[in-house]
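The next block holds one structure in the form of structure tokens; read it before the comments.
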Amino acid sequence: MNSDQLNRWLTLGANIGVVVGIALLILEINQNTEMMRAQMTQARSENLLGRYKDEIHSDYWAEIIAKRRVAQSLDEWVEALTPEEYERVWTFQLFQWHYLQS
């Protein structure tokens, strides 16, 4: 009888250990998932930031900014832009918006 009772307690302890192990595994998987999401967001942000910097350091932005400084209003500036410059400004704004969303 003593041996049977000991066997039951050992089985109960083993089962509790398995349940605790599964719970810890689930917790670890959740933490790993969160970490992977954070890394993906950071990588996406770094990619966009790199594109952002490339865009800003291009020569054509000097002309676009100069036109903005000369213009009396935003409408006047937009009218002074060539279609290509307008597309660049529009694309830049989309990059900005997307960067802020991520």
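The values are calculated or read from the model by the stated rules, or taken from the named source; none is laboratory data. Quantities reported herein were computed from a predicted structural model and do not represent experimental measurements. Virtual Cβ from ideal backbone geometry, glycine too; neighbours counted across all protein chains shown.
What to note about this one:
- Pairs, first in a helix (DSSP H, G or I) in segment 86-102, second of a type in the set (A, V, I, L, M, F, W, C) and at pLDDT 85 or above, C-beta under 8 Å, six or more apart: Tyr86/Val78; Arg88/Ile64; Val89/Ile64; Val89/Leu81
Residues are listed down the side, and each one gets a yes or a no for (1) in a helix (DSSP H, G or I); (2) in contact with a Ser or Thr (Cβ under 6 Å, 6 or more places away or on another chain):
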site: Arg44; (1), (2): yes, yes
site: Leu48; (1), (2): yes, no
site: Arg51; (1), (2): yes, no
site: Glu55; (1), (2): yes, no
site: Ser58; (1), (2): no, no
site: Ala62; (1), (2): yes, no
site: Lys67; (1), (2): yes, no
site: Gln72; (1), (2): no, no
site: Glu76; (1), (2): yes, no
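- Just one of the listed residues (Val78, Val70, Val18) is of a type in the set (A, V, I, L, M), over 27 Å from the mean Cα position of the chain (by Cα) and surrounded by 11 or more Cβ atoms within 10 Å (Cβ to Cβ), and it is Val78.
- Annotation: of all residues in segment 48-102 being within 30 Å of Arg37 (Cβ to Cβ) and among the polar types (S, T, N, Q), the one that is modelled with the lowest pLDDT is Ser102.
- Scanning segment 45-85 for residues that are polar (S, T, N, Q) and without any contact (Cβ under 8 Å) to a residue 40 or more places away in the chain yields Asn47, Ser58, Gln72, Ser73, Thr82.
- Among the residues of segment 23-42, the one identified as surrounded by 11 or more Cβ atoms within 10 Å (Cβ to Cβ) and either touching a Ser or Thr at 6+ places or on another chain (Cβ under 6 Å) or of a type in the set (Val, Ile, Thr) (or both) is Thr41.
- Qualifying positions in segment 56-101 - among the basic types (Lys, Arg) and within 30 Å of Gln42 (Cβ to Cβ): Arg88
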